[in-house]
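Participant: Can you read through this structure? Questions will come right after.
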Amino acid sequence: MGYFSLQLIRPPKPMPCWFETPGLSSIEAGVCGTVVISINQGSPNEYFQDMALYVHPLDDISFRKALEQSFNASPLPLNQHIHDHYPWSKVATMTLEANKTVIE
């Protein structure tokens, strides 16, 4: 099976929980070329802007709609956004600085 074939069967990465800070799993999914489905509350929109699909945690219809939309959505804008704004070197430096602040 070639790369193109694998792209055709790539599943979305849903995270329809009540509270979500976009963690490594959603960011890694975006980097790997997966459409991210997240909650429409809190900070995910700050990270993913209009490049993810959003659902309400109690709205089964919005979740189903997002799953259906995910098969036609392009993962490329989010993939590029993460590469541009959240490279590992930048995230590691920010984490180190935050840890130093807490320790001091």
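The values are calculated or read from the model by the stated rules, or taken from the named source; none is laboratory data. The shown structure was predicted, so the numbers you read here are calculated from the model rather than taken from an experiment. Here the Cβ positions follow ideal geometry from the backbone for every residue, glycine too, while neighbour counts run over all protein chains shown.
Participant: Among the residues of the range 42-82 satisfying the criterion of being modelled with pLDDT under 90 and within 20 Å of L24 (Cβ to Cβ), which is surrounded by the fewest Cβ atoms within 10 Å (Cβ to Cβ)?
Facilitator: E46
Participant: When the range 72-104 is examined, which residues are found to be of a type in the set (A, V, I, L, M, F, W, C) and touching a residue at least 12 places away in the same chain (Cβ under 8 Å)?
Facilitator: Correct list: A73, L76, L78, I82.
Participant: Here's a check for you: in the range 67-90, which residue that is polar (S, T, N, Q) and assigned to a helix (DSSP H, G or I) is farthest from Q49 (Cα to Cα)?
Facilitator: S89
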